[in-house]
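Remarks on the structure that follows.
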Amino acid sequence: FFEALTETYVPIVRVLDGLLDDGVDYRLTMTLSPPLVSMMTDELLVGRYHRHLDGLVELARREVERTKRWQPHLNDLAWFYLHELSDVRRVFRDVYGSNLVSAFRKHRDAGKLEIITCGATHGFFPLMDPVPQAVRAQVHVAAQHYRKHFGRDPDGIWLPECAYTPGHEVFLKEAGLRFSFLESHGLTDAHPHPSHGVHAPIVSPGGVVFFGRDMESSRQVWSSESGYPGDFDYREFYKDVGWELPMEDLADFLPDGQRKNLGIKYYRVTGRGTDLGHKQPYVRAWALEKAANHAANFLFNRQKQVEHLAGSMRRPPIVVSPYDAELYGHWWFEGPQFLDYLFRKMHF
């Protein structure tokens, strides 16, 4: 949870704040599940997160001193992490008073961000089908939880694992939910067969609209083989100071004595199949240049894709591109900057 806040949710909020401040007319849909929102608003966890953030900032400060003395070629990166973690702490603590839910609510109220819900505990609905009351409870509790924290009814829901069983849309309709999403085959294998595949929504017998995942745009971002995050100039996820520094240097930051990722990583992907011992230092400027290029490439490909689809459809095609939120920042460190560049390029 702390990793997700530091590396994904605060950086995304920071990107959205910048877009809003600069008048960029972006649109984004995010699922904030009831468990995630509950953790974001839990006083015990927020207090622990403050201590966690303070510890990361202190670790970065020590890394500035250590690299200056022993690894000067990494000192600029150590400074980068000190500034980055300090700014995450500033946004979380000073700008939003330790309440990230209010940050997302601000962007929703501005008409830029659609926040949808998820099953109350991410229960897998098809396996719960023998007890339909349980499926109904997952949906209704999620809707109630959303109303409590966001002050209005949710319009949409992300079905856990995109798993759908015919008839469950009745529960969505009861809770006032108007739309959801399915994997590609949820639309392409539907009966009757939809004439536009995944590029137009379908309406279920229960009156709920379902959108399908577009595999082409999903693969372009998500794939570790052909997708953007595998680029050689992006940051390497698996080479972290929590595994590499001597334990005596980390005693204050690993209180249980067990090594783990701490979020400070000095190396880039470097090359396909390059083992961890031969990774080259991360160059932030190169990574940002790649993120900008990839944003331009993604936008160009979607424009061409839509132009191609429009030639055979009697309505404007819709390309739905869903990804795990934690891809942006946690797994793909430059992901929030990719989103920033993408929305700016779309706007301008």
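Just give me the residues in region 160-183 being closer than 20 Å to V320 by Cα and open to solvent by 20 Å² or more (accessible area, probe 1.4 Å), in sequence order.
Listed by number, the residues that qualify are E161, Y164, R178, F179, F181, E183.
All but one of (1) under 16 Å from the mean Cα position of the chain (by Cα); (2) in a helix (DSSP H, G or I) hold for G18; state the number of the condition that does not hold.
Tallying (1) under 16 Å from the mean Cα position of the chain (by Cα); (2) in a helix (DSSP H, G or I), G18 fails exactly one: (1).
Please identify the pairs in which a residue from region 319-335 that is more than 26 Å from V283 (Cβ to Cβ) has its Cβ atom under 7 Å from the Cβ atom of a residue that is in a loop (DSSP other than H, G, I, E, B) and open to solvent by less than 20 Å² (accessible area, probe 1.4 Å), counting only partners at least 6 apart or on another chain.
So the pair list comes out as V319/D214; V320/D214; S321/D214.
Filter region 245-280 for residues that are in contact with a helix residue (DSSP H, G or I) (Cβ under 9 Å, 6 or more places away or on another chain), over 24 Å from E225 (Cβ atoms) and not in a loop (DSSP other than H, G, I, E, B) and give the result.
D249, L250
Against the definition (modelled with pLDDT under 95 and either in a loop (DSSP other than H, G, I, E, B) or buried (at least 16 other Cβ atoms within 10 Å of the Cβ) (or both)), how does G242 come out, yes or no?
no
Would you mind stating whether Y238 is touching a residue at least 60 places away in the same chain (Cβ under 8 Å) and among the hydroxyl-bearing types (S, T, Y)? It would help to see each step written out before you state the result.
On the way: touching a residue at least 60 places away in the same chain (Cβ under 8 Å): no; among the hydroxyl-bearing types (S, T, Y): yes.
Judged against the criteria, Y238 is not a match.
Six or more apart or on different chains, Cβ atoms under 6 Å: show the pairs whose first residue is in region 65-92 and in contact (Cβ under 8 Å) with a residue 60 or more places away in the chain and within 22 Å of L16 (Cβ to Cβ) and whose second is open to solvent by less than 50 Å² (accessible area, probe 1.4 Å) and polar (S, T, N, Q).
From residues that are in contact (Cβ under 8 Å) with a residue 60 or more places away in the chain and within 22 Å of L16 (Cβ to Cβ), the pairs are V88/T6.
For region 261-275, check the following and say yes or no: at least one residue is surrounded by 13 or more Cβ atoms within 10 Å (Cβ to Cβ) and touching a His at 6+ places or on another chain (Cβ under 8 Å).
yes
The values are calculated or read from the model by the stated rules, or taken from the named source; none is laboratory data. Model, not experiment: these values are computed from the prediction. Ideal geometry is used to build each Cβ from the backbone, glycine not excepted, and the neighbour counts take in all protein chains shown. Side chains included, ligands, DNA and RNA excluded: accessible areas come from the protein's heavy atoms. Shrake-Rupley method; radii C 1.70, N 1.55, O 1.52, S 1.80 Å.
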